[in-house]
Amino acid sequence: MLKKHQWWQEGVVYQIYPRSFQDGNGDGVGDLAGIRQRLDYLAWLGVDAIWISPIYPSPMADFGYDVSNYTDIHPLFGTLDDFDALLAEAHARGMRLILDFVPNHTSDQHPWFAESRASRDNPKHDWYIWRDPAPDGGPPNNWLSSFGGSGWQYDAARGQYYYHAFLKEQPDLNWRNPAVQDAMLDAMRFWLDRGVDGFRIDVIWHLIKDEDFRHNPDNPEYEAHMGEHRRLLSTYNTDRPEVHDVIARMRELLDHYPDRMMVGEIYLPVERLVTYYGTGAGGVHLPFNFQLIGMAWDPALIRAAIDQYEAALPPHGWPNWVLGNHDNHRIASRVGAAQTRLAAMLLLTLRGTPTLYYGDELGMTDVPISPQQVQDPLEKNMPGLGLGRDPARSPMQWDDSVNAGFSTAEPWLPMAADYRDVNVRAQARDPHSLLHLYRKLIHLRDDWDALAIGRYRGFSAGAQLVGYLREHENERLLVLLNFDAAQQVVDLGDLLCGEILLSTSLKREGEPVAQTLLLDGFEGVIVRASCN
Ligand code: NOJ
């Protein structure tokens, strides 16, 4: 492959939720030693980079997204030595490692917050977002927490409120304060110097809030089932123009190191999302594109979303796609077993960097969680609305032994009931498994520049299909995905002839194609065009 592109453009990223990947020390919670044990699996699968959700010291109010020290490892996960060993072993296998960086808020147990809340005149008094009460003694404005209730918490010592976009145990840092920026850039530098290849930046669009703390407007689309946190639009507490200045500082830091990247977590409409590429090359390398997570699984909507995204990208903006993560329902649960193969082919053949959530390559589904088993604070705060994230965080299914080979102890979240059938060992033995399909798709991206870096062109193939061409130099591939349970005949006209490179049914490789192509229900194919 020509090396015109960066690793984070050509490669496939694999997200590990560390509590649930592999337990190395028998306490029921995954850890760094466990991830090390499984690196050979990831190398076999063919992924190019792993992103690990937070592993820093944390009281775990939000399972690591409440950081109490940015430059150490939580003992639950191991030590800095374990981290260095993991990084070295990943690099030895040609894999990059992306850390999750959580700059918007700290834990309320972080020493910075302890100092900040102690008085109104201590050196860190303005490291967090403190405001006087409203005239009636209530919160300073109407901003809501994404985890339910007001976003403001009263603190008796200061006689003021502090703002928390998430839990009250996660106070927001004041990123308008240059000292905060410097301290957080120092933390990033600590890991860059250790050799990490990049950062996934948590809720990056939240970093700067409105200078005047204006009230948020009502959300005209709000319905009670969405959860109270959606009652207002987040107009003034997120996506403020000045956020791009602090991102530019992060980018400048990364650019001092060779080959590093950052991917920003951003849930915004496409036209706002693409502004996070920055002007020139001053933004994040990849603003996460969550369209396929947020939308209905419908071919017309998906076609429109791809076209809208492709059209909105700035000239320097490299695309990316995501089907699932630790905050959303599993893709296999969303689309159903019959369409997991189609979803895999979509993710891995669209133009741009794919990010794959651990276990999705097996078709792991949401695991039912009883009220007694709930761990997620979001579910605890707003129960029964289907917002809980525990179902998508169940332990990885490695084999059919006790606890699926994840742990010798009772896992922190329940195992899926089907793990004796759905696991890595069983699927590795079965060449027709979903796991093998994922592996083939990942390896095809290595073999075909058209897939990894080629142009994208929509191909109109009927209402029930999503179709597109991927082209690079003399390589030309046609992807056809049938979203319908019924067979479809696709008329290729004289546009194309060639052979099937890969089908989700795995039985048609090498089959010649000319003029028309019959697709099974929910079948996807990649056709190598050898004429025209
Ligand atoms: C986004 C993370 O993905 C989510 O898991 C977390 O709860 C919030 N940010 C708060 O940090």
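The values are calculated or read from the model by the stated rules, or taken from the named source; none is laboratory data. Just so it is clear, the structure is predicted and the values come from calculations on it, not from any experiment. Please note: Cβ atoms are built from the backbone with ideal geometry, for glycine as well, and neighbour counts cover all protein chains shown. Surface accessibility is based on the protein's heavy atoms, side chains included, excluding ligands, DNA and RNA. Shrake-Rupley method; radii C 1.70, N 1.55, O 1.52, S 1.80 Å.
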Quick one: would you say LYS124 is touching a Phe, Trp or Tyr at 6+ places or on another chain (Cβ under 9 Å), within 16 Å of the ligand (Cβ to nearest atom) and open to solvent by 30 Å² or more (accessible area, probe 1.4 Å)? no
Give the residue, chosen from GLY498, GLY458, that is among the small types (Gly, Ala, Ser) and touching a residue at least 40 places away in the same chain (Cβ under 8 Å). GLY458
Give all pairs with beta carbons closer than 9 Å in which a residue from segment 176-197 that is closer than 24 Å to TYR14 by Cα meets a residue that is surrounded by fewer than 13 Cβ atoms within 10 Å (Cβ to Cβ) and among the charged types (D, E, K, R); count only pairs at least 6 apart in sequence or on separate chains. ASP197/ASP259
Of the conditions (1) more than 16 Å from the ligand (Cβ to nearest atom); (2) open to solvent by less than 10 Å² (accessible area, probe 1.4 Å), ALA338 satisfies every one except a single condition; which number is it? (2)
Does ASP108 qualify as being among the charged types (D, E, K, R), closer than 30 Å to ASP212 by Cα and within 16 Å of the ligand (Cβ to nearest atom)? yes
Scan segment 432-449 and tell me whether some residue there is more than 30 Å from TRP7 (Cβ to Cβ), open to solvent by 30 Å² or more (accessible area, probe 1.4 Å) and not in a loop (DSSP other than H, G, I, E, B). no
Scanning segment 375-390 for residues that are assigned to a loop (DSSP other than H, G, I, E, B) and crowded, with 16+ Cβ neighbours inside 10 Å, which turns out nearest to the ligand (Cβ to nearest atom)? ARG389
I'd like the full set of residues that are closer than 21 Å to PRO299 by Cβ, among the small types (Gly, Ala, Ser) and not in a strand (DSSP E or B), limited to segment 490-532. GLY493, SER505, GLY521
Which of the residues spanning segment 461-488 are free of Cβ contacts under 8 Å to residues at least 24 places away in the same chain and among the polar types (S, T, N, Q)? ASN474
Give all pairs with beta carbons closer than 6 Å in which a residue from segment 325-347 that is touching a residue at least 24 places away in the same chain (Cβ under 8 Å) meets a residue that is of a type in the set (Lys, Arg); count only pairs at least 6 apart in sequence or on separate chains. HIS326/ARG393; ASP327/ARG389
Residue in segment 73-89 that is open to solvent by less than 30 Å² (accessible area, probe 1.4 Å), farther than 18 Å from LEU32 by Cβ and not in a helix (DSSP H, G or I) present: no
Looking at LYS168, is it within 14 Å of the ligand (Cβ to nearest atom) and surrounded by fewer than 21 Cβ atoms within 10 Å (Cβ to Cβ)? yes
Boolean, TYR468 is among the aromatic types (Phe, Trp, Tyr), under 24 Å from the mean Cα position of the chain (by Cα) and closer than 21 Å to VAL335 by Cβ: no
Applying the selection to segment 391-405, what residues are under 19 Å from the mean Cα position of the chain (by Cα) and more than 15 Å from the ligand (Cβ to nearest atom)? SER394, PRO395, MET396
Test of understanding: among ARG93, ARG38, ARG117, which residue is within 24 Å of PRO411 (Cβ to Cβ) and either open to solvent by 10 Å² or more (accessible area, probe 1.4 Å) or touching a strand residue (DSSP E or B) at 6+ places or on another chain (Cβ under 7 Å) (or both)? ARG38
Please enumerate the residues belonging to segment 127-145 that are assigned to a loop (DSSP other than H, G, I, E, B) and either open to solvent by less than 30 Å² (accessible area, probe 1.4 Å) or polar (S, T, N, Q) (or both). TRP127, ILE129, ALA134, GLY138, ASN141, ASN142, TRP143, SER145
Go through segment 201-224 residue by residue and tally those that are open to solvent by 70 Å² or more (accessible area, probe 1.4 Å) and of a type in the set (D, E, K, R). 6
I'd like the full set of residues that are among the aromatic types (Phe, Trp, Tyr), touching a Phe, Trp or Tyr at 6+ places or on another chain (Cβ under 9 Å) and part of a helix (DSSP H, G or I), limited to segment 5-35. TRP8
GLY148 fails exactly one of (1) in a loop (DSSP other than H, G, I, E, B); (2) out of contact with any Gly (no Cβ under 9 Å at 6 or more places or on another chain); (3) within 16 Å of the ligand (Cβ to nearest atom), namely (2)
Keeping to segment 311-336, report how many residues are aromatic (Phe, Trp, Tyr) and in a loop (DSSP other than H, G, I, E, B). 1
Go over the candidates GLY227, GLY283, GLY264, GLY198 one by one and state the one that is open to solvent by less than 20 Å² (accessible area, probe 1.4 Å) and modelled with pLDDT under 95. GLY227
